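The block underneath contains the structure these notes are about, expressed in structure tokens.
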Amino acid sequence: MRRPMVAGNWKMNGTRASVAELIESFQQQVLPAAVEIAVFPSFVHVSQVLSALDGAKVSVGAQDCALQSGFGALTGEVSAEQLVDAGCKWVLVGHSERRLLLGETDEVVSQKFAAAQLSGLMPVLCVGETLEEREAGRTLEVVARQLGRVLDDQGIEAFRSAVVAYEPVWAIGSGLTAAPGQAQEVHAAIREQLARSDRRIAEGVRLLYGGSVKAENAAELFAMADIDGGLVGGASLKADEFGAICRAAGN
């Protein structure tokens, strides 16, 4: 039985004051013990969030890591080892904003995935298609290519300690959401692609949906057979909304 997971990606948002307020409000939420909950603040707020959530049943991750491991002369980058040292458990790799806006290739994403695991971090591998790719009927092709690069490079065993998040780019921050059936089709294809290498591992991998997840649509999405939770963007910056999504995953 796969444990549901809800992850909140705060993106490039927050000040120390607003983050403190968000955490205080979130700590007042009734959260289901059966759901694994993680938040991904910006680098500058990781330590603050870790300190504020000390002892709480919420883990902390980073939104990115360097593709190089360890330490060295790489100005502006943060290595997976540094994130582990700070107290992080998770890291996002391959988020669509980094692929599209910052030019991260499938190769770079695969290297970051490997660097994260080498350090002991759990990577959340993000995959998904643009609106143009969906309209061209290439959704499954694009997702298979993105997933396949990591699978080919790192092997199926790497997915014992990883999560995959399907995030249709056209639904991120747009208010649009893939219909539950559309999302399920892609999630099922992801699991089947992994299963061709090892069905047992594939059945254990948690697959999250990310694309304008809200309290009002979470329960319907999470009811799908291959959707094990959500990667939540804007709604994770609202404690009541995020709490409701977490409770939907618990049901």
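Determine the relative contact order of segment 105-178: mean sequence separation of Cα pairs under 8 Å and six or more apart, normalised by residue count, in whole percent.
42 percent
Among all the lysines, which ones have a C-alpha under 21 Å from K89's C-alpha, if same-chain residues fewer than 8 places away are not counted?
By straight Cα distance, K89 reaches K11, K57, K112.
When each pair of different Cα atoms in segment 63-137 is counted once in the 1/r mean, what is the Kirkwood radius in angstroms, to one decimal?
Evaluated over segment 63-137, this radius sits at 12.9 Å.
Among the chymotrypsin sites (Phe, Trp or Tyr not before Pro) within segment 29-91, which fall in a DSSP loop and have no more than 14 other Cβ atoms within 10 Å of their own Cβ?
F71
Full extension from T105 to N13: what is 0.36 nm times the residue separation minus their Cα-Cα distance, to one decimal in nm?
My answer for the length gained is 30.6 nm.
So which chymotrypsin sites (Phe, Trp or Tyr not before Pro) in segment 176-251 are both in a DSSP loop and have at most 12 other Cβ atoms within 10 Å of their Cβ?
none
Probe of 1.4 angstrom, ligands and nucleic acids ignored: what's the accessible area per residue over segment 125-237, in square angstrom?
40 Å²
I'd like the FRET efficiency for S47 and R160, computed as 1/(1 + (r/R0)^6) with the beta carbon distance as r and R0 of 22 Å, rounded to 0.05.
Given R0 = 22 Å and the Cβ-Cβ separation, E is 0.15.
With the full set of protein chains in place, find how many percent of the accessible area of the chain is carbon and sulfur; take the probe as 1.4 Å.
Answer for the chain: carbon and sulfur cover 51 percent of the accessible area.
Mean residue ellipticity at 222 nm from the helices of the chain, using -39,500 (n - 2.57) per DSSP H segment of n ≥ 4 over the full residue count, to the nearest 500 deg cm²/dmol?
Helices in the chain give a 222 nm mean residue ellipticity of -12500 deg cm²/dmol.
Is the C-alpha gyration tensor of segment 84-221 telling us rounded, prolate or oblate? Criteria: a/c under 1.5 is rounded; beyond that, a/b larger than b/c is prolate, otherwise oblate.
Here segment 84-221 falls in the rounded category.
Identify the residues of segment 198-224 with backbone N under 17 Å of a label point that sits 7 angstrom from the Cα of A179 along the Cα-to-Cβ direction, or state none.
217-218, 220-224
If you split all Cα-Cα distances of the chain into 10 Å bins from zero, what percentages do you get per bin, shortest first?
7, 34, 39, 18, 2
The values are calculated or read from the model by the stated rules, or taken from the named source; none is laboratory data. Because the structure is predicted, anything quoted here is derived from the model rather than measured. All Cβ positions, glycine included, derive from the backbone under ideal geometry; neighbour counts span all protein chains shown. Only protein heavy atoms, including side chains, enter the accessible area calculation; ligands, DNA and RNA are left aside. Shrake-Rupley method; radii C 1.70, N 1.55, O 1.52, S 1.80 Å.
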